[in-house]
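Read the structure below first, then the notes.
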Amino acid sequence: MSIANQKRVAIVTGGGSGIGLAIAEKFTTNKILTIIVGRDEEKLKKAKEKLGECCFAMPCDVSKLDCIPELIKNIIDKFGQIDILVNNAGINMKKEFTEVTDEEFQKIITTNLCSVFAMSREVVKEMLKKESGSIIHISSMAAQYGLPKVIAYSASKTAIDGMTRAMAVELSPKGIRINAIAPGFIETEMTAKALNTDPERKQKVFGRTPMGYMGKPDDIGEAALFLASDAAKYITGVVLPVDGGNSIGF
Ligand code: NDP
């Protein structure tokens, strides 16, 4: 498709809502052709209507790892290239440590970690052909310090930070930059679920956030746009906190 020759092409998983939607919005506003991926077709449709002609929706459950090679092949067939991948799709579950079943633990690891590996592997195969690309993982404060009652989530996000560094050392010499963003507490459905029913946790969050308020999805969008751009051409292997100081708060 000729459009892809003029424009950069990005994939944003979980681009239909929350942080992913804000990232997709930043990209499309900056004329980056953006493919949003998610399970809920209605959600994707609404997002596409909002984002306009630079946005394309591709429904896919990324936890079904077998579907990922096909997804990337379809994107390449249609758009010819992939310049940017944002691995943003993620799920969380708040539960006492001893109550978490193996199935629940596995489901979170598969969605938040295994899918990030499989998406990255397939996309890197394409990026290597051009020896260029930028991959951004979405990590979390749960990888910066110990948070109770989110054991699988913490394990998945901590592994993301390790994978960011391991991918960066292996792939940066081949022209592909790998970075992660560690959002602090950002106003989305995910945090509403985790904090609105738990005033003590909410108090703790604000108590250690020097800036004193929660971030907006747009704050993460700005960071993703920067990391994906040439302005960040010498940045690889970092986990960038965008957190109002939460990770260094006392
Ligand atoms: P939301 O719940 O608002 O969005 C999550 C997105 O991921 C949805 O669009 C959802 O779409 C998609 N998704 C979930 N599972 C799958 C799947 N199996 N296949 C495809 N898409 C999937 O959460 P946030 O926007 O808050 O979170 C986005 C990312 O940011 C996550 O990785 C989260 O861990 C991380 N994060 C968020 C923080 C916050 O404060 N909000 C803090 C730190 C990290 P659909 O339902 O259509 O599949």
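The values are calculated or read from the model by the stated rules, or taken from the named source; none is laboratory data. From a predicted model like this one, the values you see are computed outputs, not experimental measurements. Counting neighbours? That spans all protein chains shown, and the Cβs are built from the backbone with ideal geometry, glycine included. The area values use the complete protein model at the heavy-atom level, side chains included, leaving out ligands, DNA and RNA. Shrake-Rupley method; radii C 1.70, N 1.55, O 1.52, S 1.80 Å.
Measuring nothing but how far apart in sequence close Cα pairs (under 8 Å, 6+ apart) lie, relative to its length, the chain scores a relative contact order of 20 percent.
This model, with +1 at the C-beta of Lys and Arg and -1 at the C-beta of Asp and Glu, gives the stretch 99-167 a dipole about its Cα centre of some 320 debye.
By a 1.4 Å probe calculation restricted to protein chains, Tyr153 has an accessible surface near 30 Å², given to the nearest 10.
Fully extending the segment from Arg39 to Val169, taken as 0.36 nm per residue of separation minus the present Cα-Cα distance, adds 43.6 nm.
When all protein chains stay in place and ligands, DNA and RNA are ignored, the 1.4 Å accessible-area order of Asp61, Asp230, largest first, is Asp230, Asp61. Under a no-solvent Debye model with one identical scatterer per Cα of the stretch 25-138, what's log10 I(q)/I(0) at q = 0.17, 0.23 Å⁻¹? Relative scattering, expressed as log10 I(q)/I(0), comes to -0.89, -1.41.
Result for the chain in a Gaussian network model with C-alpha springs under 10 Å: among Ile91, Ile138, Ile186, the largest mean-square fluctuation is at Ile91.
Computed on the stretch 139-250, with alpha-carbon pairs under 8 angstrom and 6+ residues apart, the relative contact order is 35 percent.
For the residue pairs Lys73/Lys216; Lys107/Lys193; Lys7/Lys107, the alpha carbons lie more than 25 Å apart in Lys73/Lys216; Lys7/Lys107. With 0.36 nm allotted per residue and the present C-alpha distance subtracted, the Asp61-Phe97 stretch has 10.3 nm of extension available.
Evaluated with a Cβ-only charge set (Lys, Arg +1; Asp, Glu -1), the chain carries a dipole of roughly 420 debye about its Cα centre, given to the nearest 20.
Remark: C-alpha extents of the chain on the principal axes read 54, 37, 37 Å, sorted largest to smallest.
Highest GNM mean-square fluctuation among Gly14, Gly146, Gly133, for the chain modelled with Cα contacts below 10 Å: Gly146. Hey, how many Å between the Cα centroid of the stretch 1-75 and the Cα centroid of the stretch 155-206? One Cα centre to the other: 20 Å.
With Cα atoms as the point set, the stretch 17-88 shows a radius of gyration and Dmax of 11.6, 32 Å.
Peptide packing for 123-132, 105-114 was compared via the average number of neighbouring C-beta atoms within 10 Å per residue; ordered from the highest value, the list is 105-114, 123-132. Using the alpha-carbon positions of the stretch 101-162, Rg (one decimal) and Dmax (whole number) come out as 13.7, 43 Å.
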